[in-house]
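S.K.: Below is the structure I would like to discuss, written out as structure tokens.
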Amino acid sequence: MSFLVLLLAVWIEKFSALRHRVQRDGGWIRELNKLESSERLAGKPWLVLTILVLFPVALLALLLVVLEPVAYGLLALPVHLLVVIYSLGRGDLLGGLGPFRDAWRREDLQAAAHVAKRDLNICADSGEELLDRVQGHLLWEAYQSFFAVIFWYFVLGPVAALAYRLLALAEEHGTNPALVERAAQLRHAFDWVPVRLLAASFALVGNFVAVGRVMLHELLNWNISAAQLINKVGLAAGGIPPAAVGPEGITTLDSLWELLLRAAVLWYAGFALWTVLIH
């Protein structure tokens, strides 16, 4: 069922607006901010995370235990699908990059810096640094929005996928530094395996030798963040040249996107093969 759910999730992502209706975080974020500001819980970030992450995940697990034996698990299928859709990243990654691409192609650095700040929350001191950060943004957002979620769903099911997204929301929207730090630590642990698997995928669909050089030093490095690792590996795999103003810079974004698409196809092929061999 996992592979079927992942196929349906991609179809819905491409051809339906259901994701935008399902991904409503307002109530959860308000509860997060309410608990953070509570005097009783202000110094207990682990308890807040237990309430807001572990409790919903436990409820989901209980619901699945009830539904799985019924009708050969068919009643659980919609739950799986809705959880995966909810757990995918927020926003439209390519759509968000559109205004920046247009400004960069015109070589209008002032407009590019403005839309990068407005749409992507990215600031830089120079045009080259700005493009570097946008490239990193593309790689990181694609990873955390899609690859990490489908990895944990395929390996441990919807419970793990939901836990990953709730930790990401806590890290992004938390106002208590201690809570944000704890959420980031847990998320770092969640990211350790899938980001390295994606790096290996980049080696297979990109520049194998260049990725190998990077991973030789970073494979077992616990301290490097997933964002840093995927940026280094992605640029190496895509053979991305130094940042340049104009159409050449846009070409690097296109190359990275094509690299990500090839990696996604490889992952789905692997999921399909695993499903056939196991079942």
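The values are calculated or read from the model by the stated rules, or taken from the named source; none is laboratory data. Bear in mind the structure is a predicted one, so any value in this text is a computation, not a measurement. As a convention, Cβ positions derive from the backbone with ideal geometry for all residues, glycine included, and neighbour counts pool all protein chains shown.
S.K.: I'm trying to understand the selection: among the residues of segment 86-132, which are more than 29 Å from A160 (Cα to Cα), surrounded by 15 or more Cβ atoms within 10 Å (Cβ to Cβ) and basic (K, R)?
M.R.: Hits for segment 86-132 are R101, R105.
S.K.: Would you pick out the residues in segment 153-163 that are of a type outside the set (G, A, S), under 15 Å from L197 (Cβ atoms) and surrounded by fewer than 23 Cβ atoms within 10 Å (Cβ to Cβ)?
M.R.: Scanning segment 153-163 gives F154, V155, L156.
S.K.: While we're on this one: Being within 21 Å of G234 (Cβ to Cβ) and at pLDDT below 95: is that true of D119 here? So that I can check it myself, show each step before the final result.
M.R.: Details: within 21 Å of G234 (Cβ to Cβ): yes; at pLDDT below 95: yes.
Here the answer is yes, as D119 does meet what is asked.
S.K.: Pull out all pairs, ordered by first then second residue, where Cβ-Cβ is under 6 Å, the residues are six or more apart or on different chains, the first lies in segment 82-111 and is part of a helix (DSSP H, G or I), and the second is hydroxyl-bearing (S, T, Y).
M.R.: V84/Y153
S.K.: Which residue pairs have Cβ atoms closer than 6 Å, lie 6 or more positions apart in sequence or on different chains, and pair a first residue in segment 223-248 that is more than 16 Å from L139 (Cα to Cα) with a second residue that is assigned to a helix (DSSP H, G or I) and among the small types (G, A, S)?
M.R.: So the pair list comes out as V245/G127.
S.K.: Mind counting the residues in segment 2-51 that are in contact (Cβ under 8 Å) with a residue 12 or more places away in the chain and of a type in the set (F, W, Y)?
M.R.: 3
S.K.: Looking at segment 255-267, I want the residues that are over 16 Å from N231 (Cα atoms) and touching a residue at least 12 places away in the same chain (Cβ under 8 Å) and have a partner that is surrounded by fewer than 17 Cβ atoms within 10 Å (Cβ to Cβ) and of a type in the set (A, V, I, L, M, F, W, C) with Cβ atoms under 8 Å, at least 6 apart or on another chain. Which pairs are those?
M.R.: L266/L204
S.K.: When you go through (1) over 21 Å from F190 (Cβ atoms); (2) in contact with a Leu (Cβ under 9 Å, 6 or more places away or on another chain) one by one for L52, which number turns out not to apply?
M.R.: Result: L52 fails condition (1) only.
S.K.: If you don't mind, there's one more thing I want to ask. Within segment 134-157, can one find any residue that is more than 23 Å from the chain's Cα centre (by Cα) and part of a helix (DSSP H, G or I)?
M.R.: Checking segment 134-157: not a single residue is more than 23 Å from the chain's Cα centre (by Cα) and part of a helix (DSSP H, G or I).
S.K.: Does segment 35-50 contain any residue that is touching a Ser or Thr at 6+ places or on another chain (Cβ under 6 Å) and either more than 21 Å from L179 (Cα to Cα) or part of a helix (DSSP H, G or I) (or both)?
M.R.: Yes: segment 35-50 contains one or more residues that are touching a Ser or Thr at 6+ places or on another chain (Cβ under 6 Å) and either more than 21 Å from L179 (Cα to Cα) or part of a helix (DSSP H, G or I) (or both).
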